[in-house]
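**Q** This is the structure I want to talk about, given as structure tokens.
The values are calculated or read from the model by the stated rules, or taken from the named source; none is laboratory data. It should be emphasised that the depicted structure is a prediction, and the values quoted were computed from it without experimental measurement. Side chains included, ligands, DNA and RNA excluded: accessible areas come from the protein's heavy atoms. Shrake-Rupley method; radii C 1.70, N 1.55, O 1.52, S 1.80 Å.
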Amino acid sequence: MYREIVGVYCEMHDEMQGDLEKALSENDWKNYTVNIHSLKSNSLNIGASGLSKMWLELEKAGKAISAGDNPEENMDIIRRKHPDVMALYAQVTEEAKKQLE
């Protein structure tokens, strides 16, 4: 069952990456946060707890923006941290693919 969960995680990478980049470029914080929430949980499910914690930071910032709580500050947090989190997401996905082979 674990292999199946990891497989789905890997299969969804490109679509999730595209959805996140689109939401970010359009300042669509609702969809950005929904996708981040999903990735946070799914990363934890496959054992990538460090990545899950990074998603949590982005999720909190996205929720704060939607709530009108320091939107500029939280947008800055997302814009600064998003590239590093996405890079780690790609690394985790690639490593997971190798483990499935």
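**Q** If you roll a 1.4 angstrom probe over the protein chains with everything in place, what fraction of the accessible area of the chain belongs to carbon and sulfur, to the nearest %?
**A** Answer for the chain is 51 percent, counting heavy atoms of protein chains only.
**Q** Tell me, what ³J(HN,Hα) does each residue in region 68-74 have, in order and in whole Hz, if you take phi through Karplus 6.51 cos²θ - 1.76 cosθ + 1.60 with θ = phi - 60° and put x for Gly and Pro?
**A** x, 8, 6, x, 5, 5, 6
**Q** Computed from the coordinates I sent, mean projected area of the Cα convex hull in nm² equals one of [x] 6.5; [y] 7.0; [z] 5.8. Tell me the label.
**A** [z]
**Q** Still on this structure, please answer the following. Taking 0.36 nm per intervening residue step and subtracting the Cα-Cα distance, what contour gain separates Gln91 from Ser38 on full extension?
**A** 17.3 nm
**Q** Quick check for you: with a 1.4 Å probe and neighbouring chains kept, what is the accessible area per residue of the chain, in Å²?
**A** On a per-residue basis, the chain sits at 60 Å².
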